[in-house]
Amino acid sequence: MAAIRPLVAGNWKMHGTGSSLVELSTLRKRLAQAPIPEVEVMVCPPATLLTRAPEVLQGSEIVLGAQDCHPLASGPHTGDISAEMLADAGAKAVIVGHSERRMDHGETDALVNAKALAAYRAGLTAIICVGETEAERSEGATMSVVKRELQGSVPEEARAANTVIAYEPVWAIGSGLTPTPADVAEVHGFIRSVLGQLLGNGQSGAMRILYGGSVKPANAGELLYVPDVNGALVGGASLKADDFYAILAVYGRERTA
Ligand code: 13P
């Protein structure tokens with residue numbers, strides 16, 4: 001089977017105004033000066049910057065992603081944004097089911113599943129997030145939680161070409177804590193086997209499974225070469241172009257070594 005091209009996506013969360021586009025511009029310049037073709041690079045800024053980012057990214061290979069969408073294409077849903085609107089703004093992908101949305105907005109697996117279907121309808125890649133809380137991990141429930149979330153959140157229509165899975169242990173997000181590489185390998189291998197049961201081994205074998213949670217330049221080398229890890233979903237460290245580039249550069253190291 002062909003090797004999977006990894007994806008590193010920066011999730012800016014609720015950070016960034018127009019002045020933050022300078023970071024995008026710096027990232028673009030750094031990648032133009034020293035490209036890292038081994039990795040696909042994506043940035044998911046807040047919705048307010050989606051229409052402004054394409055101007056900065058024009059001519060670069062950095063892909064634009066969004067952070068959430070409504071399941072419907074349009075309608076009386078004040079404050080919501082549809083997948084079609086994201087695609088119209090220039091996004092190629094959308095994160096769905098991030099733990100912050102599951103917690104802050106009570107999003108269920110069924111809703112996440114509907115949002116992933118909305119992404120496909122609009123021609124976007126769905127980045128579907130799963131991951132256990134600290135309490136669930138200490139109860140030994142990591143695998144059952146991840147399995148339940150995958151069964152509920154991943155549509156039957158999911159394919160390697162339209163879906164990316166992000167494993168983000170909730171306790172590792174923004175905490176500076178990370179699972180050990182052995183733990184990450186175990187959960188990612190398990191996720192691939194569950195995806196195999198749900199979608200068949202052809203799809204699961206080619207689907208990208210990202211790790212997310214306190215990925216930094218200092219630990220990226222250790223986390224990104226774990227078996228079954230096909231990239232990262234990066235929060236805080238994606239806000240500064242230099243830090244984000246240093247994470248991406250982990251993939252260029254083999255070539256330059
Ligand atoms: P941090 O990298 O800030 O821990 O955030 C991870 C995350 O939630 C990305 O979606």
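The table that follows gives values for the structure above.
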read-out	value
Residues (within 20 Å of TRP12 (Cβ to Cβ) and either of a type in the set (S, T, N, Q) or in contact with a His (Cβ under 8 Å, 6 or more places away or on another chain) (or both)) located in the stretch 179-218	TYR211, SER214
Of all residues in the stretch 158-175 being part of a loop (DSSP other than H, G, I, E, B) and out of contact with any strand residue (DSSP E or B) (no Cβ under 9 Å at 6 or more places or on another chain), the one that is nearest to ASN113 (Cα to Cα)	ARG159
Breaking point among (1) buried (at least 20 other Cβ atoms within 10 Å of the Cβ); (2) over 18 Å from ILE128 (Cα atoms); (3) polar (S, T, N, Q), for SER204	(2)
Residue check, GLU139 of a type in the set (Asp, Glu) and without any contact (Cβ under 8 Å) to a residue 24 or more places away in the chain	yes
Candidates GLY235, GLY174, filtered to the one that is surrounded by 20 or more Cβ atoms within 10 Å (Cβ to Cβ) and either within 12 Å of the ligand (Cβ to nearest atom) or among the polar types (S, T, N, Q) (or both)	GLY235
One residue from VAL229, VAL194, VAL215, VAL187 being more than 16 Å from the ligand (Cβ to nearest atom), touching a residue at least 24 places away in the same chain (Cβ under 8 Å) and surrounded by 20 or more Cβ atoms within 10 Å (Cβ to Cβ)	VAL194
Subset of the stretch 204-249 (residues that are assigned to a helix (DSSP H, G or I) and out of contact with any helix residue (DSSP H, G or I) (no Cβ under 7 Å at 6 or more places or on another chain))	GLY205, ALA206, ALA218, ASN219, GLY236, ASP242, LEU248, ALA249
Members of the stretch 199-212 that are of a type in the set (A, V, I, L, M) and either within 16 Å of the ligand (Cβ to nearest atom) or modelled with pLDDT under 95 (or both)	ILE209, LEU210
Residue identified as in a helix (DSSP H, G or I), more than 16 Å from the ligand (Cβ to nearest atom) and in contact with a helix residue (DSSP H, G or I) (Cβ under 7 Å, 6 or more places away or on another chain) among LEU24, LEU86	LEU24
Checking ASP68 against (1) in a loop (DSSP other than H, G, I, E, B); (2) surrounded by fewer than 19 Cβ atoms within 10 Å (Cβ to Cβ), the condition it does not meet	(2)
Filter result (more than 16 Å from the ligand (Cβ to nearest atom), part of a helix (DSSP H, G or I) and loosely packed, with under 14 Cβ neighbours inside 10 Å) within the stretch 126-150	ALA135, SER138, SER144
Selected residue [acidic (Asp, Glu) and over 23 Å from VAL154 (Cα atoms)] from GLU55, GLU84, GLU40	GLU55
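The values are calculated or read from the model by the stated rules, or taken from the named source; none is laboratory data. Note that the structure is a prediction, hence the values are computed from the model and not measured. Don't worry about glycine lacking a Cβ; one is built from the backbone with ideal geometry, like all the others, and counts go over all protein chains shown.
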